[in-house]
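Below: the structure, in structure tokens.
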């Protein structure tokens with residue numbers, strides 16, 4: 001069931017991107033809502049669980065996640081934040097993009113390995129985060145004649161990355177789980193904070209953005225409260 005949800009969130013997002021690809025503002029808005037959602041999941045679910053595990057240097061693993069995401073963005077050119085027009089499409093090699101996206105999604109899947117419940121806030125965070133990224137991916141690849149043959153292959157591989165991480169995660173020592181979760185926490189923290197704190201052109205207050213972040217936070221909070229009752 002979890003695997004199906006993970007795959008559908010990517011294929012659904014890519015299909016929406018292919019259909020509404022010219023609506024860049026829609027992708028941006030989805031990203032901002034998902035950033036509010038992600039940072040709330042991070043602070044309410046992921047970090048409490050990580051720090052409760054009482055592993056010594058666990059904070060360093062969160063920092064490792066932040067640094068890893070910074071390295072991956074060198075490959076993806078900030079694709080996760082919706083930067084797909086800023087760099088000119090020639091700069092993004094599908095292979096580098098694929099590798100960066102695949103590693104990112106693969107690592108996110110590992111903490112799902114020993115999840116007993118089907119639907120948790122952590123899973124909701126990944127699904128919510130997959131939608132806008134896949135939207136951007138679909139808009140960029142599936143509407144670009146250059147990549148036509150490989151476009152769906154890239155989307156399908158991205159869709160399978162988290163389920164693969166989840167499958168392999170079953171073979172890791174359960175004691176390593178908090179470390180993987182800490183790394184993902186760092187990744188989530190970096191992505192969401194970059195989207196939220198990206199400065200506007202004139203550093204004016206962007207009320208629309210604040211409202212969208214609040215929407216994401218409220219969505220995540222309602223899921224959090226529902227899950228803990």
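The values are calculated or read from the model by the stated rules, or taken from the named source; none is laboratory data. Note that this is a predicted model, so its numbers are computed, not measured. Methodologically, a virtual Cβ is constructed for each residue, glycine included, from the backbone with ideal geometry; neighbour enumeration extends over all protein chains shown.
Key figures
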quantity	calculated
Residue check, residue 188 buried (at least 17 other Cβ atoms within 10 Å of the Cβ) and either at pLDDT 85 or above or in a helix (DSSP H, G or I) (or both)	yes
Helices (runs of 4 or more DSSP H) contained entirely in the range 1-118, each with at least 2 residues that are modelled with pLDDT under 80	24-41, 94-109
In the range 197-218, residue surrounded by the fewest Cβ atoms within 10 Å (Cβ to Cβ) [restricted to those that are within 23 Å of residue 65 (Cβ to Cβ) and modelled with pLDDT of 85 or more]	217
Where residue 179 falls short, out of the listed (1) touching a helix residue (DSSP H, G or I) at 6+ places or on another chain (Cβ under 9 Å); (2) assigned to a helix (DSSP H, G or I); (3) surrounded by fewer than 16 Cβ atoms within 10 Å (Cβ to Cβ); (4) modelled with pLDDT of 80 or more	(3)
